[in-house]
1. Return the distance in nm (one decimal) between the two label points of a simple spin-label model at E61 and T177, each offset 7 Å from Cα along Cα→Cβ.
2. Any chance you could run the full-extension gain for Y164 through N50? It's 0.36 nm times the residue separation minus the Cα-Cα distance, nm to one decimal.
3. Enter the Cα centre distance for the pair the stretch 182-210 and the stretch 137-180, rounded to the nearest angstrom.
4. List the DSSP H helices in the chain whose Cα atoms stretch 27 Å or more along the helix axis and whose mean Kyte-Doolittle hydropathy is at least 0.0.
5. Mind checking the full-extension length gain between A249 and V72? Use 0.36 nm per residue of separation minus the Cα-Cα distance, one decimal, nm.
6. Within straight cross-link reach of K207, meaning Cα distance under 24 Å, which lysines are found once same-chain residues fewer than 8 apart are removed?
7. Using a cut-off of under 19 Å, list every residue of the stretch 105-146 whose amide N is near the label point 7 Å from the Cα of R205 along the Cα-to-beta-carbon line.
8. Straight-line reach from K115: which lysines fall under 24 Å, measuring Cα to Cα and dropping same-chain residues less than 8 apart?
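A short reminder: the numbers here are calculations on the coordinates, not readings from a lab. From a predicted model like this one, the values you see are computed outputs, not experimental measurements. Backbone-built Cβ (ideal geometry, glycine too); neighbour counts: all protein chains shown.
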Amino acid sequence: MRLRPRLLFPLLIVLIVIIAIAYYVWPHSGNPSALWNIVSQKCVPNQEKNGQPAPCSQVDEQQGYVVLKDMVGPLQFLLMPTARITGIESPALLEDNTPNFLAQAWQARHYMADKYGKPIDDSNVSLAINSQYGRSQNQMHIHISCLLPQVKTQLSQEAGDIGYRWQPLPEKLIGHTYLARKVSAAELNQKGAFRLLAEGVPEAREKMGHFGLAMVSLQGGDFLLLANERNLLQLNNASTEEIQDHNCAVLNPLPQ
């Protein structure tokens, strides 16, 4: 039996929607343990045996993290725990004795300037950790990279309307709804960004894996935390890395 043409179009639309949802729900190909293998089988053992962190740029076992130059982009680095922590959904990130990884990642931003060969203004730097559903690797990694120029412009215009409690940004960012809140350096160091999200956003503690988290600096010394929640209807997997530009268009000229 042949389907009538008027029935084919709705079925085609349904099929496209199913394929699109499947793409965002199902994990992509590749080795999700690749980063963990680099940390546990290369960087940490090389530091212990030879006093050299290679292929990482830094291994700090006392503070519990490594810094690795990412293959993507001229200046992008990743900060990762030396312990096996899969991602933002891990309950360990909310424990008091867990290192303050986001604050550590901000301190590690100097690796960008070191590679660039000159100072980089903090307003051009951003941190991002993707949600459990918006990442390809199952070792927690914080992206240290440049901020997209249009995001830098928008956030500088809207920062004055953001307070020290979570609230929606006035306008969508990269087409997605973001929550934002200011945080002082002292509060960031004392409390930690993950606990600020878990304690400040309703139901976030129960579903931390649904959130991506990002951070940029503000004039005066404060920071702006940004949180994006997964939304399948909007095909949004909460990959806050979307606010970053690994090609670093905000810097000119780029390193060769």
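1. Taking the simple label geometry, E61 and T177 are separated by 4.7 nm.
2. 36.5 nm
3. Answer, in whole Å: 15.
4. Working: long enough: 5-25 (30 Å, 2.39).
Long hydrophobic helices here: 5-25.
5. 62.3 nm
6. K172, K182, K191
7. none
8. Of all the lysines, those that pass the test against K115 - Cα under 24 Å, at least 8 places apart if same chain - are K42, K69, K152.
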